[in-house]
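Worksheet for the structure shown next.
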Amino acid sequence: MKISNSLLLALATATKTTTTTAFQLHRPTTRTATLLRSTTRLHSSSSGDDGTEYDYDLLVIGGGSGGVRASRIASGYGAKVALLESRLTHGIKPEYSAIGGTCVNVGCVPKKLMVFASRYPGEIKEMEGYGWKGATEGKFDWKVFLENKNQEITRLNNVYQNFVLKNAGVEVIEATGSLNGANSVSIHTTATGETTEVTAKNILIAVGGWPYKPDIPGIEHAITSNEIFYLEEQPKRMVVVGGGFIALEFASIMDGLGSDVTLMYRGDLFLRGFDGDMRNHLKEEMENNSEIDLKFNTDPKEIIKKDDGTLVVIDQDGNELECDAVLYATGRKGKIDGLNLDSAGVHTEGSFIPVNDYSQTNVPSIYAVGDITNRIALTPVALMEGHRLSDTLFGGKDRPVDHEYVASTVFTTPEIGTVGYSEEDAAAKFGDIDVYKNRFRAMKHSFPKSETYSLFKLIVESKTQRVVGCHVATDGAGEMVQGVGIAVKMGATKDDFDNTIGIHPTSAEELVTMRTPSYYYRDGVKTETV
């Protein structure tokens with residue numbers, strides 16, 4: 001099997017968060033980590049500082065992005081590592097997910113494949129403006145797409161199990177795990193139901209999150225981002241409930257694939273926490289260039305299933321809307337059920353596990369990374385957390401997590417790429433900022449006379465002239481901002497951007513050609529001049 005370089009990089013690559021006050025920081029010294037690394041290179045039972053013998057140096061519960069990364073890196077340092085994951089192949093109810101976690105099975109990867117599929121009609125609509133006559137959208141075949149998607153996810157399951165983990169020396173066990181004290185785990189084998197007890201010097205909880213659905217009448221008829229990837233038929237009419245990036249992405253996807261989509265959000269404007277200009281720009285683009293019916297200040301209170309299988313959504317004002325599927329994307333909760341955290345005294349906050357900057361819980365031998373910690377729920381962040389944990393525990397390095405200047409993308413149409421602070425957060429944090437922005441029609445859309453616009457924005461801290469925020473809404477924004485994210489993370493200034501020669505003709509050159517601020521903030525107050 002040939003594995004692409006891009007996939008290997010995604011598997012191999014590795015923002016600042018507040019630390020919980022529920023426990024003290026147990027920070028390993030370089031000497032301790034070095035000694036640990038030297039003693040764990042022998043794949044026999046591991047011994048603790050007090051001479052206690054353990055079956056494993058590291059036992060990982062959960063085979064998602066963070067767990068896989070931590071186990072692979074730890075094994076590379078010579079640690080004896082086992083990883084538990086309830087399923088090694090995807091699509092089996094009720095888990096749906098499998099080795100590789102949410103991202104590979106019911107998240108980033110299949111979603112991005114859907115994004116690609118959903119954008120072809122938009123490309124075809126502009127073809128006539130470029131001289132292509134007679135091009136039509138054709139008919140989207142949901143079943144063919146799902147068959148091909150399932151083959152790809154199965155391939156990736158195999159890559160994770162047999163190439164990424166087993167080749168690294170990690171013992172992969174198809175099972176769930178629950179704590180039985182600070183250094184003991186009960187392994188519940190999926191195939192047989194048998195339970196065995198093992199010990200580990202260090203335990204890592206990396207079980208991820210689970211879609212949240214509110215307790216309203218008829219909620220059992222709604223689906224989530226788990227089930228959408230396994231529907232036998234494409235819904236002709238879909239209601240998407242939520243205002244975060246998952247809700248918006250699926251609304252865009254299903255609209256592009258030809259479903260009639262209604263987006264219901266209880267707030268005034270979606271993407272709370274993102275830059276305000278980006279939020280408003282996406283709203284305008286959705287209103288002008290999609291068929292999505294945006295319903296703000298709308299909160300479903302009941303879902304009724306009719307005899308013919310169709311659904312009726314009733315909102316807080318009694319308005320009714322008939323549809324074929326209701327997808328809830330109203331947040332995620334930590335997947336802590338069944339972990340028996342109380343047996344070890346692990347502190348929790350709601351359904352999440354708080355940790356310090358070294359991903360350590362209040363119990364010194366137990367760690368947690370990824371979505372279960374409720375820091376930043378993004379795959380690359382979980383990778384970073386898992387990698388740095390193993391570097392610290394087994395690599396003789398001092399590597400706390402770093403959650404500042406994390407780049408991310410909302411895969412709507414158009415995409416939003418962002419890194420650093422929003423205008424609102426930057427004004428609050430720095431007080432004095434300069435804001436550069438420009439809205440324009442990209443060449444690709446201008447030529448066929450499409451009313452599709454891009455928005456580029458830079459936030460600069462006035463005193464140091466450091467670029468502290470970059471926000472882009474355009475085609476391929478994610479690919480673009482990944483590169484910009486390196487510069488922002490390194491502390492590039494506006495002069496550094498200005499001294500960079502642009503690539504012409506591209507939309508991205510706007511990032512290095514905006515010379516005059518659109519407006520300013522001084523002491524947190526917006527002003528047109530200074």
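Here the accessible area of the chain is 50 percent carbon and sulfur, with a 1.4 angstrom probe and all protein chains present. Take 322-330, 218-226 and order them by the average number of nearby Cβ atoms within 10 Å per residue, most first; the result is 322-330, 218-226.
Per residue, the accessible area of the chain comes to 45 Å² when a 1.4 Å probe rolls over the protein heavy atoms. Working note: Debye formula, equal point scatterers on the alpha-carbon atoms of segment 200-347, no solvent; log10 I(q)/I(0) at q = 0.10, 0.16 Å⁻¹ is -0.41, -0.88. Computed packing ranks the peptides 285-294, 389-398, 425-434 as 389-398, 425-434, 285-294, most packed first, by mean other Cβ atoms within 10 Å.
Return the Rg/Rh value of segment 488-530, two decimal places, where both radii are evaluated on C-alpha atoms and Rh is the Kirkwood radius. Don't skip to the answer; put the middle values down first.
Working: Rg = 13.1 Å, Rh = 12.2 Å.
Rounded to two decimals, Rg over Rh is 1.07.
Take the Cβ atoms of LYS125 and GLU320, set R0 to 45 Å, and the FRET efficiency comes out at 0.85. Over the C-alpha trace of segment 318-419, radius of gyration and Dmax come out as 17.8, 61 angstrom.
Here the calculated FRET efficiency for ASN280 and LYS306, from their Cβ-Cβ distance with R0 = 30 Å, stands at 0.20, rounded to the nearest 0.05. Candidate values (i) 26.1, 86; (ii) 27.3, 95; (iii) 24.5, 78 were compared with Rg and Dmax of the Cα atoms in Å computed on the shown model; the agreeing label is (iii). Listed values for segment 441-450 are Karplus-derived 3J(HN,Hα) couplings in whole Hz (6.51 cos²θ - 1.76 cosθ + 1.60, θ = phi - 60°), namely 8, 5, 3, 4, 8, 5, 4, x, 6, 7, and x replaces Gly and Pro. Remark: segment 259-268, residue by residue, has Karplus-estimated 3J(HN,Hα) of 6, 7, 10, 10, 9, 10, 9, 6, x, 6 Hz, where x stands for each Gly or Pro and the curve is 6.51 cos²θ - 1.76 cosθ + 1.60 at θ = phi - 60°. Taken over the C-alpha atoms, segment 107-202 has Rg and Dmax values of 22.9, 69 angstrom. All C-alpha to C-alpha distances of segment 347-475, sorted into 5 Å bins beginning at zero, yield P(r) values of 2, 9, 14, 14, 13, 14, 13, 10, 6, 3, 2, 1, 0 percent in whole numbers. Amide H to amide H, with H built 1.01 Å from N, LEU294 comes under 5 Å of LEU263, counting only residues 5 or more places away or on other chains.
For ASP275, no residue has an amide H sitting under 5 Å from its own, ignoring neighbours fewer than 5 places away on the same chain, with H placed 1.01 Å from N.
Using a Förster radius of 60 Å, what is the FRET efficiency between LYS444 and GLU53 based on their Cβ-Cβ separation? Nearest 0.05, please.
Numbers: r = 64 Å, r/R0 = 1.06.
E(calc), rounded to 0.05, equals 0.40.
In terms of its Cα atoms, segment 42-94 spans 43, 20, 15 Å along the principal axes, sorted from long to short. With 22 Å as the limit, the listed pairs LYS143/LYS213; LYS283/LYS449; LYS143/LYS444; LYS112/LYS143; LYS93/LYS335 have LYS143/LYS213; LYS143/LYS444 beyond it between alpha carbons.
Applying a 4.7 Å Cβ-Cβ cutoff to the chain leaves CYS323, CYS470 as cysteine residues with no disulfide-compatible partner. Here's how it looks for GLY469: its modeled amide H is under 5 Å from those of TYR421, ILE459, which are all 5 or more places away or on a different chain. Ranked by the mean number of other Cβ atoms within 10 Å of their residues, highest first, the peptides 125-131, 336-342 fall in the order 336-342, 125-131. Each label was represented as a point 7 Å from its Cα along the Cα-to-Cβ direction; for ASP141 and GLN465 these points are 5.9 nm apart. Each residue of segment 269-277 was assigned a 3J(HN,Hα) from its phi angle through the Karplus expression (A = 6.51, B = -1.76, C = 1.60, θ = phi - 60°), giving 7, 6, 6, 4, x, 7, 4, x, 5 Hz with x at Gly and Pro.
The values are calculated or read from the model by the stated rules, or taken from the named source; none is laboratory data. Because the structure is predicted, anything quoted here is derived from the model rather than measured. Counting neighbours? That spans all protein chains shown, and the Cβs are built from the backbone with ideal geometry, glycine included. These area figures cover heavy atoms from the full protein model, side chains too; ligands, DNA and RNA do not enter into them. Shrake-Rupley method; radii C 1.70, N 1.55, O 1.52, S 1.80 Å.
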